[in-house]
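Some notes on the structure that comes next.
Just so you know, all these numbers are worked out from the coordinates, no wet-lab data involved. Worth saying up front: this structure is predicted, and the values here are computed from it rather than measured. In this analysis, Cβ positions are derived from the backbone assuming ideal geometry, glycine residues included, and neighbour counts consider all displayed protein chains.
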Amino acid sequence: MFKSDHLKFMSALVVILITFVSKPAYGYLDPGTGSLILQSIIAAMVAIPFALKMYWNRIQNMFRRK
């Protein structure tokens, strides 16, 4: 029981130290990265309705009474 409590305490201590002691990264997102993110969002917005349309009959049949 003692090892389990000690492990939980040490894990919490490590998480707290990493959270409060870390320095800012000052990351840079170039235009290519922004474009990739935008393309991913647009692709998801197109793919989800298309996938729903492909399987629409199956989805409807799941909710219909037989």
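Of the listed peptides 13-24, 32-43, what is their order by residue-averaged count of other C-beta atoms within 10 Å, with the highest listed first?
The peptides rank, most packed first, as 32-43, 13-24.
Could you give the radius of gyration (one decimal) and Dmax (whole number) of the Cα atoms in the chain, in Å?
24.0, 61
Mean Kyte-Doolittle of at least 0.0 and a Cα length of 30 Å or more along the axis: which whole DSSP H helices of the chain meet both?
Sorted by number, the helices that extend far enough and score high enough are 31-54.
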